[in-house]
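Below: the structure, in structure tokens.
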Amino acid sequence: MTAAQTPGRHGPLTGVRVVELAGIGPGPFAAMLLADLGADVVRVDRPGGAGLGIDPARDVTNRNKRSVLLDLKSAEGPARVLDLVARADILIEGYRPGVAERLGVGPDACHARNPALVYGRMTGWGQDGPLAPRAGHDIAYVAVTGTLGLIGAPDGAPAVPANLLGDYAGGSLYLVVGVLAALHHARATGAGQVVDAAIVDGTAHLAAMIHGMLAAGAWQDRRGANLLDGGCPYYGVYETADGGHMAVGALERRFYDEFLRLLGLPDQAGAHADLTRWDGLREAVTARFRTRTREEWTAVFEGSDACVAPVLSLREAPHHPHLAARGTFTDHDGLTQPAPAPRFSATPAAVRTGPARPGADTAGVARDWDLPALLQDGDRRPDGDRRPDGAAAPPPPSHENPHRKACQ
């Protein structure tokens, strides 16, 4: 029996309990990643919602989670969250500094109930500093770190990389690394801690190699003048005859030579290390790519080591032969979406359930986490018995976590 067939395995974080205080952006994405890896993530949704108007049934950042509906401004709301905290390993919140404390669910209140809790805080500016209390979004965070200024043509404005660079790379992924590292410490010592994950910190950290190159004189502090920012003619994007684009990354000499051979420009071999010839090389490559369509150039470079690939749209990407063969995307409940990543040989992850509907899982969470107080009038839902793995519910388990001290 292969790892993928092993019954009862739903990812390496199976058995880890996470409370997510509903928000938007990097917090939900971080919680989705933990849920993808097998954690039992309970999202605490607020009445009226906290999203950006997306249909909850299509918000894939809430897949593999369960949802309960609690009003933290009500008399009972904070107490119910603390009840969940007492049985959890990790909490994630994305409020401005001080808001969780005012709501009665800050680190001190949570650690009084569960000293081993890992308390993850996701913000743009961080928990301190002059901008900490200010509002912001991804684009402002990446702007002040210098990373936004790296991207784009030298004669134009910086290009906006959606919210991938700040919210998700500099925010969500650093929060996940932080809470899992803190969980390792908590299970070894019984002591929880607060993880301050700021998008400005994570995004700055992503540029560590470039800061080293800058210090060594190998990087110019301006756009479109360097090896990896489009300044190099054999590391960039070129338009094709049909208005498509091809991405070229033929950095090493052997890849560059194959690129020129397949492109049909053997006379440009000497331009690889000759910066005085780069403008001419760029013009020649640009003109050559415009002689054929994206599909035609894709066929030319197929199976080569020239490091050239077509630039695909979001809807095209799942149909790329390599991604289709690997199952990089998956379909669940009619939604095409990226599959969980990374991959594990012994504890494979999967999309087990679709996006959690606000409040739909109250009964199941109350049973599985042994919290009957969650079952207030109006909270009993017909689909409340859904478990994270989609299986039938077992008898109510003990809330005791064998990996940490008993809840206080």
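The values are calculated or read from the model by the stated rules, or taken from the named source; none is laboratory data. None of these values were measured; they are calculated from a predicted model. With ideal geometry, Cβ positions are generated from the backbone for all residues, glycine too; neighbour counts draw on all protein chains shown. Just so you know, the surface numbers come from the protein's heavy atoms only, side chains and all, with ligands and any DNA or RNA stripped out. Shrake-Rupley method; radii C 1.70, N 1.55, O 1.52, S 1.80 Å.
Observations, loosely collected:
- Taking V176, V99, V118 as the candidate residues, the one with maximal mean-square fluctuation in a Gaussian network model of the chain, Cα springs under 10 Å, is V99.
- Distance between the range 88-114 and the range 19-74 - C-alpha centres, whole angstrom: 16 Å
- Debye intensity ratio in log₁₀ form over the Cα atoms of the chain, taken at each q of 0.06, 0.10, 0.14 Å⁻¹: -0.31, -0.79, -1.23
- Each peptide in 206-217, 262-273 receives the mean, over its residues, of other Cβ atoms within 10 Å, and ordering these scores from highest gives 262-273, 206-217.
- Förster-model FRET efficiency, 35 Å R0, D333 and L164, C-beta, rounded to 0.05: 0.90
- Three-way shape call for the range 217-261 based on the alpha-carbon gyration tensor, with the a/c threshold at 1.5: oblate
- The tail of the calculated P(r) for the range 92-216 beyond 20 Å holds 50 percent of all Cα-Cα pairs.
- Inter-label distance, nm, simple model (7 Å from Cα along the C-beta direction), I151/T276: 3.6 nm
- Ranked by the mean number of other Cβ atoms within 10 Å of their residues, highest first, the peptides 54-63, 13-22 fall in the order 13-22, 54-63.
- Rounded to whole numbers, the Karplus 3J(HN,Hα) couplings from phi for the range 348-359 are x, 8, 7, 7, 8, 9, x, x, 5, 8, x, x Hz, using 6.51 cos²θ - 1.76 cosθ + 1.60 with θ = phi - 60°, and x at Gly and Pro.
- Rh (Kirkwood; distinct C-alpha pairs) - the range 94-167, Å: 14.5 Å
- Accessible area per residue, Å², the chain with all protein chains present, probe 1.4 Å: 49 Å²
- The range 239-310, accessible surface, carbon-and-sulfur percent (1.4 angstrom probe): 48 percent
- Close amide H pairs (under 5 Å, H built 1.01 Å from N) link E20 with V42, R43, V44, I92, residues at least 5 positions away or on another chain.
- Here the Karplus curve 6.51 cos²θ - 1.76 cosθ + 1.60, taken at θ = phi - 60°, turns the phi angles of the range 119-133 into couplings of 9, x, 10, 10, 9, x, 8, x, 7, 9, x, x, 9, 3, x Hz, with x standing for Gly and Pro.
- Comparing L323, L34, L84 along the charge dipole axis of the chain, the residue lying farthest to the positive side is L84, per the Cβ-charge model.
- For a paramagnetic label modelled on T286 (point 7 Å from Cα along Cα→Cβ), amide N atoms under 18 Å away belong, within the range 232-252, to 232-249.
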